[in-house]
Amino acid sequence: MTDIDGNAVAAEIRSGVADCVETLQAEGVDPALATVLMSDDPASETYVSMKQNDCEEVGMRGIHVDVDNDAPAEELYDTIDDLNADDGVHGILVQMPVVDHVDTRRVLRSVNPAKDVDGFHPENVGRLVAGNPRFKPCTPHGIQRLLASADVDPEGKEAVVVGRSDIVGKPMANLLFGRGEGGNATTTVCHSRTDDLASHTRRADIVVAAAGIPEFITADMVSEGATVIDVGINRIERDGESTLVGDVDYDEVHEKAGAITPVPGGVGPMTRAMLLYNTVKAASEQHGVEIEL
Ligand code: NDP
């Protein structure tokens, strides 16, 4: 069994991004990511500050806008419009979930697709599905990089994605079955209505677990030597302590898997690194400056 070290791969990506930031700055472009927060989810604030710290680490400008949770939805839409119009802002990320009185779909539609570094605007979703992505969504893109780092080529393999969310499951499946490098797998997407989930996961050479259920994928559900990617981030109480676990029962499954991502230290750091990657890509495309990513 090999642990796939997301921290190490993410550090390599960040280092490449830092080089791109320098190249862009030498050409007079100061890449900038704007984060916007209007959320009552307690984790959202932490996520946004982590993303701002990440920007700083690679020498990228981070801009943060807080919109009061009680403000009318229009205030958020106006904030997005202002950032869209600002040539000094290259990537915009609205932290999800937004407060209930805001229309999430409208938010996703409002971000200029050229600055939509999450890849959630309908135009960018369409481009991904059409096999011509502008920005690959951060988590599945990070997973594609993790597979490559472990020399796991999905081509011709059986891949099973557990979960069909818009941010993980669906784009992951698109990348896995899509043409080109890191794709060409025969891909099955499972969800809460799937009958006999284990019969699918057991067949898989690559399992991507993104159901949001703690330690849900057990050893009897994976085949010997399979590559297991654990997207889940679940906080649970164990032995009276709060601890973070994935969607995979790591202790059991790592004995059987050929390669596995730990939680923490697997997919999570890659999601953050790919956001920086998408932001320098956005800056390069908006200003026509070539970078080597
Ligand atoms: P969602 O809750 O949006 O989606 C969960 C998916 O799992 C749904 O498609 C659901 O099916 C499916 N599901 C639920 N129960 C079962 C079941 N019993 N059997 C099979 N499938 C099931 O979650 P996300 O995709 O947003 O996130 C998934 C996990 O990944 C979470 O733990 C989240 O915290 C984590 N995450 C981690 C990231 C990282 O960077 N590491 C980034 C994003 C998320 P249905 O559609 O039928 O309801």
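Values in this text are rule-based calculations from the coordinates and carry no lab data. Here the structure is a predicted model, which means the values were calculated and not measured. Here Cβ is always computed from backbone atoms with ideal geometry, including for glycine, and neighbour counts include all displayed protein chains.
Relative contact order for the range 1-97: what percent, with Cα pairs under 8 Å and sequence separation of 6 or more?
RCO, the range 1-97: 37 percent.
For a test of the definition: using alpha carbon positions, the gyration tensor, and the 1.5 limit on a/c, classify the range 26-113 as rounded, prolate or oblate.
Oblate, since a/c reaches 1.5 and b/c is not below a/b.
Which residue, Pro97, Pro113, Pro42, has the most motion in a Gaussian network model of the chain that connects Cα atoms within less than 10 Å?
Result: Pro42 has the largest fluctuation of those listed.
Most fluctuating residue of Gln144, Gln25, Gln52 in a GNM of the chain with Cα springs under 10 Å: which is it?
Answer for the Gaussian network model of the chain: Gln25.
Along the charge dipole of the chain, Cβ charges K/R +1 and D/E -1, which of Leu293, His191, Tyr277 sits furthest on the positive end?
Most positive-ward Cα: His191.
Per the helix-only calculation at 222 nm, which mean residue ellipticity applies to the chain, given -39500 (n - 2.57) for every DSSP H run of n ≥ 4 and division by its residues, nearest 500 deg cm²/dmol?
Per the formula, -12500 deg cm²/dmol.
In nm, give the distance between the simple-model label positions of Arg193 and Arg238, each being 7 Å from the Cα along the Cα-to-Cβ direction.
Each label point is offset 7 Å from its Cα along the Cβ direction, giving 3.3 nm.
What net charge do the residues around Glu57 carry, taking every other residue with its C-beta under 12 Å from that of Glu57, with Lys and Arg at +1 and Asp and Glu at -1?
+1
In a Gaussian network model over the chain where Cα atoms closer than 10 Å are linked, find which of His64, His101, His121 has the largest mean-square fluctuation.
His101
For the chain, what is the Kirkwood estimate of the hydrodynamic radius, computed as the reciprocal of the mean inverse distance between distinct Cα atoms, to one decimal in Å?
After inverting the pairwise mean of 1/r, the radius is 19.6 Å.
Near the amide H of Ala34, under 5 Å away, which other amide H atoms are found, from residues 5 or more places off or on another chain, if H is placed in the peptide plane?
When sequence neighbours closer than 5 places are left aside, the close amide H contacts are Ile63, His90, Gly91, Ile92, Leu93.
Taking the DSSP beta bridges in the chain as the whole, what percent of them are antiparallel, to the nearest 5?
15 percent
At R0 = 25 Å, how high is the FRET efficiency between Val129 and Ile213 if r is their beta carbon distance? Nearest 0.05 is fine.
That pair, Val129 with Ile213, gives E of 0.40.
Going by a ≥ b ≥ c, the root eigenvalues of the Cα gyration tensor, does the range 135-280 fall in the rounded group (a/c under 1.5), the prolate group (a/b larger than b/c) or the oblate group?
Oblate, because a/c is 1.5 or more while a/b does not exceed b/c.
Taking 7 Å along the Cα-to-C-beta vector as the label spot, tell me the Asp220-Ala85 distance in nanometres, rounded to one decimal.
Distance between the two pseudo-spin positions: 6.1 nm.
With +1 on the Cβ of every Lys and Arg and -1 on the Cβ of every Asp and Glu, and nothing else charged, how large is the dipole of the chain about its Cα centre, in debye rounded to the nearest 20?
Its charge dipole is roughly 1000 debye.
Per residue of the range 64-77, what does 6.51 cos²θ - 1.76 cosθ + 1.60 with θ = phi - 60° give for ³J(HN,Hα)? Whole Hz please, x for Gly and Pro, Karplus curve as stated.
With coefficients 6.51, -1.76 and 1.60, one gets 10, 10, 9, 10, 4, 4, 8, 5, x, 3, 4, 5, 5, 4 Hz.
Could you work out the local net charge near His121, counting Lys and Arg as +1, Asp and Glu as -1, over the other residues with Cβ closer than 11 Å to its Cβ?
+2
Enter the Cα centre distance for the pair the range 45-82 and the range 253-293, rounded to the nearest angstrom.
The range 45-82 and the range 253-293 have Cα centres separated by 20 Å.
For the range 39-53, take each phi angle, set θ = phi - 60°, evaluate the Karplus expression 6.51 cos²θ - 1.76 cosθ + 1.60, and give the result in whole Hz per residue in order, putting x for glycine and proline.
Result, ordered by residue: 8, 9, 7, x, 6, 4, 4, 4, 4, 5, 5, 4, 5, 5, 4 Hz.
Quick one: if the Förster radius is 25 Å, what FRET efficiency do Ser15 and Glu181 give, using the C-beta to C-beta distance and rounding to 0.05?
0.75
When the chain is fully extended, how far beyond the present Cα-Cα distance does Asp100 get from Asp251, taking 0.36 nm per residue of separation?
50.6 nm
Straight-line reach from Lys281: which lysines fall under 26 Å, measuring Cα to Cα and dropping same-chain residues less than 8 apart?
Lys51, Lys115, Lys136, Lys170
Between Leu293 and Ala71, what is the label-to-label distance in nm when each label sits 7 Å out along the Cα-to-Cβ direction?
Result: 2.9 nm between the two label points.
For the Cα atoms of the chain, what angle does the longest principal axis make with the long axis of helix 138-149, in degrees from 0 to 90, nearest 10?
50 degrees
Counting Lys +1, Arg +1, Asp -1, Glu -1, what net charge surrounds Met96 among other residues with beta carbon under 9 Å of its beta carbon?
-2
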